[in-house]
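In what follows, a structure is listed as structure tokens, so that the remarks can point back to it.
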Amino acid sequence: MSYKMLVSDLDETFLNDDGTIHKENVRAIKQAMAKGFKFVPNTGRSFKSVQNMLKKLGLFDQADQYVISYNGAAIVENHGNRVIATQDMPVSLAKQIVAAGYLSNQIDVHIYTVDKLFIYDLNESDKHYMATRGVVYETIDQLDLSFLNDEQPIMKVIFENEDATIQKQIHDAVLEKVGSDSVEATYSSGRYVEFNLQGVDKGSASLLLGKRLDIKPSEIMAAGDNNNDLKMINAVGLGVSVANGITSVKAAADFVTQRTNNEGAIAEILDQFVLVGED
């Protein structure tokens, strides 16, 4: 099979744990791009937070190169950061999610619009984590989201706490309030519980971008490590888990790398399936 595009999660998949890029990943991506291959970051984060990374890969401000953001809620062309598709949630739904999921002051709340991130009750651990990823945000003093009515559409709402038990409590409380038919609920990075509009996920966005580019699902590879990567791994021609992926991701994948995210796992994928036979 000749693959034409790799959609890749960033944190704990493409990036090292400290937020840097393994030199082998840079080398392999640039080699693949020279063949006309597309590398598309597919992240839960904002496209604004990956601009420095795009510069290092030669993808910054490039026409016909793309980023999928907010777990699939936005597809952005890198040239001019032109938003070409969004799948947003109503403010009324976001308010219900926030009210149900904020169980205590030990929980951060993140509200993403197309180009802004608002955070309530930011803790030091989360602050440090986002600093290593270059995430820009504004803190807010109250959880009344009425100020968002005149903002751009809401992409997703997430909650942060590093305790898996508390994450599950948040997950269950939100689903009990709004119903599983209203939202996509996922976990990521061992600290976040994420909520998108039902039907919005990394997989559906990957296929939508592929359709726009005349790339078949069978010609797409997807790489990830965590729960919010499962739908894209299952949606494409070759689903890949990095070596440090969680058990369910490894079980769903067609291929599991020998390398972890800290060892250039993306380079391993490209060398084996795209650059095979090259020096």
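For this structure, a couple of remarks:
- Leading residue by the ranking (least open to solvent (accessible area, probe 1.4 Å)) among those in the stretch 230-255 that are in a loop (DSSP other than H, G, I, E, B) and not hydrophobic (A, V, I, L, M, F, W, C): 245
- Residue in the stretch 219-227 that is at pLDDT 95 or above, more than 18 Å from residue 25 (Cβ to Cβ) and open to solvent by less than 60 Å² (accessible area, probe 1.4 Å) present: yes
- The stretch 172-190, subset without any contact (Cβ under 8 Å) to a residue 40 or more places away in the chain and in contact with a strand residue (DSSP E or B) (Cβ under 8 Å, 6 or more places away or on another chain), residue surrounded by the fewest Cβ atoms within 10 Å (Cβ to Cβ): 175
- Residues in the stretch 121-141 that are acidic (Asp, Glu) and either buried (at least 17 other Cβ atoms within 10 Å of the Cβ) or touching a helix residue (DSSP H, G or I) at 6+ places or on another chain (Cβ under 8 Å) (or both): 121, 126.
- Taken over the stretch 1-57, the residue count meeting the criterion of being β-branched (Val, Ile, Thr), in contact with a Leu (Cβ under 8 Å, 6 or more places away or on another chain) and either surrounded by fewer than 22 Cβ atoms within 10 Å (Cβ to Cβ) or more than 15 Å from residue 265 (Cα to Cα) (or both) is 5.
- Within the stretch 1-33, being over 20 Å from residue 260 (Cα atoms) and at pLDDT below 95 holds for 1, 2.
- Counted as qualifying within the stretch 123-223 are the helices (runs of 4 or more DSSP H) with 3 or more residues that are under 17 Å from the mean Cα position of the chain (by Cα), namely 124-132, 202-212.
- Residue that is nearest to residue 187 (Cα to Cα) [pool: residues in the stretch 68-120 that are open to solvent by less than 50 Å² (accessible area, probe 1.4 Å), more than 16 Å from the chain's Cα centre (by Cα) and of a type in the set (Gly, Ala, Ser)]: 101
- Contact map, the stretch 67-81: residues that are part of a loop (DSSP other than H, G, I, E, B) paired with residues that are among the hydroxyl-bearing types (Ser, Thr, Tyr), Cβ distance under 9 Å, separation 6+ or inter-chain. Pairs shown: 73/86; 73/112; 78/66.
The values are calculated or read from the model by the stated rules, or taken from the named source; none is laboratory data. Computed from a predicted structure; not experimentally measured. Because the Cβ atoms are built from the backbone with ideal geometry, glycine has one as well, and the counts that use them run over all protein chains shown. Accessible surface areas use protein heavy atoms only, side chains included; no ligands, DNA or RNA. Shrake-Rupley method; radii C 1.70, N 1.55, O 1.52, S 1.80 Å.
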